[in-house]
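Nothing in this text is a laboratory measurement; each read-out follows from the coordinates by a stated rule. Everything quoted here is computed from the prediction, not taken from an experiment. A quick note on method: Cβ atoms are made from the backbone with ideal geometry, for glycine too, and the neighbour counts reach across all protein chains shown.
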Amino acid sequence: MLPARLSERLSSGPPSFSFEFFPPPTAEAEAELWLAIDELTVLQPTFVSVTCGAGGSKRDKTLELALQLPRRSGLRPVAHLVCRGSKEEEVASTVQRLIAGGVHDVLALRGDAPRDADEPAGDFKYASELVRYLRTRQPGLCIGAASYPEGHLEASTREADLLHLKEKVLAGSDFLITQIFFDNAFYFDFVHRARAIGITVPIIPGIMPITNASQLERFIQLCGATVPQRLRMAISQHAQDRVAIAQLGIAHATAQCADLLARGAPGIHFYTLNRSRATRAILMALKGR
Ligand code: FAD
């Protein structure tokens, strides 16, 4: 039985473990994803989240996967909703379809501007506007939002970003999931500063085990996360050895998670990239198996 409200589960009880998946682009990727989901389901995650690309067809893929997860695997999905370039009616229709399918948990996001196409005019400028819209129209939804321990790339300062985050929480966010970080000092400092300005909702750290060097570079470019010098050096020493890099990545993420949980983080959200091996290894190590 799923607890009635995800927000209640996240603010009380043992630490949550959750996994992010993205809608698979091909039939082959879909088969691989369901294998990964089967292997991760035994770890009994509190929820799994499904990412969303901008645009109607991508939103439909998110919806499809989010609706399948409880039926096929008994998992609790949190559907990402991206508002950039969307009209209110489109968001309302997506949410209605989610609710009709039994999904009451969403992650409300702005999204990024499309790289190669013109952006359609939408009704929302920031994620806080989407959160407010959802909270007003669907008071029963559990709404999460994104947060950035090292500051969002577009923000003028970390302080300004934090004040915008507070606006997003006051608009009705029940919990926050962080962007990837590799140095826990950023998370703890961020939580401290967030609490100091009255942000009280759970802030779940987002962890991505590094599994290859080029993937790491891509993510750093996308989200601006700082890689500790020692980790960076160890990775560059083994740049051609995929197995060694994956082992380093798993060891680093395991130490990060153990420290986060020991120092009071409310759970861990794993960016799985639709793979199970690294996340399983980390969780098994954390659970002492
Ligand atoms: P916002 O909260 O709107 O913030 C965006 C920027 O605007 C920030 O710099 C903020 O400081 C600033 N800002 C906010 N309010 C104001 C204001 N009133 N005045 C001036 N400036 C303001 N992207 C996807 O496309 N699909 C996904 O599924 C997805 N999932 C994600 C999951 C997580 C956990 C995270 C951390 C990110 C995810 N992203 C996803 C990426 C996200 O869409 C981008 O980082 C995007 O650039 C910002 O989205 P946001 O919801 O944080 O935006």
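Look through the range 84-139, keep the residues that are of a type in the set (G, A, S), more than 18 Å from I177 (Cβ to Cβ) and part of a loop (DSSP other than H, G, I, E, B), and return whichever of them is farthest from the ligand (Cβ to nearest atom). Don't jump to the end; show me each part of the working.
First, pick out the residues of the range 84-139 that are of a type in the set (G, A, S): 85-86, 92-93, 100-102, 108, 111, 113, 117, 121-122, 127-128.
Of the ones still in play, those that are also more than 18 Å from I177 (Cβ to Cβ) are 85-86, 92-93, 100-102, 113, 117, 121-122.
Now narrow it down to the ones that are part of a loop (DSSP other than H, G, I, E, B): 85-86, 101-102, 113, 117, 121-122.
Details: G85: 11, S86: 12, G101: 18, G102: 20, A113: 8, A117: 14, A121: 17, G122: 12 Å.
Filtering first and then ranking leaves G102.
Can you confirm whether the range 153-172 contains a residue that is surrounded by 20 or more Cβ atoms within 10 Å (Cβ to Cβ), near the ligand (Cβ under 10 Å from one of its atoms) and under 15 Å from the mean Cα position of the chain (by Cα)? No: the range 153-172 contains no residue that is surrounded by 20 or more Cβ atoms within 10 Å (Cβ to Cβ), near the ligand (Cβ under 10 Å from one of its atoms) and under 15 Å from the mean Cα position of the chain (by Cα). Taking each residue of the range 200-226 that is free of Cβ contacts under 8 Å to residues at least 12 places away in the same chain and looking for partners that are in a loop (DSSP other than H, G, I, E, B) and of a type in the set (S, T, Y) with beta-carbon atoms closer than 9 Å, six or more apart or interchain, yields I220/T226. Among residues belonging to the range 1-41 that are of a type in the set (V, I, T) and under 19 Å from C52 (Cα atoms), point out the one that is surrounded by the most Cβ atoms within 10 Å (Cβ to Cβ). Among those residues, the one meeting the criterion is I37. Looking for something within 14 Å of the ligand (Cβ to nearest atom), of a type in the set (G, A, S) and outside any helix (DSSP H, G or I) - is there at least one such residue anywhere in the range 189-207? Within the range 189-207 (the criterion being within 14 Å of the ligand (Cβ to nearest atom), of a type in the set (G, A, S) and outside any helix (DSSP H, G or I)), the answer is yes, since at least one residue qualifies.
Look at A145 and say whether it is in contact (Cβ under 8 Å) with a residue 60 or more places away in the chain, crowded, with 21+ Cβ neighbours inside 10 Å and either on the phi < 0 side of the Ramachandran plot or touching a Phe, Trp or Tyr at 6+ places or on another chain (Cβ under 6 Å) (or both). Step through it out loud before you land on a result.
Working: in contact (Cβ under 8 Å) with a residue 60 or more places away in the chain: no; crowded, with 21+ Cβ neighbours inside 10 Å: yes; either on the phi < 0 side of the Ramachandran plot or touching a Phe, Trp or Tyr at 6+ places or on another chain (Cβ under 6 Å) (or both): yes.
In short, no.
Of the candidates T200, T178, the single residue that is out of contact with any strand residue (DSSP E or B) (no Cβ under 8 Å at 6 or more places or on another chain) and under 22 Å from S12 (Cβ atoms) is T200.
Exactly one residue among R97, R110, R115, R76 is free of Cβ contacts under 8 Å to residues at least 40 places away in the same chain and more than 23 Å from D161 (Cβ to Cβ), and that residue is R97.
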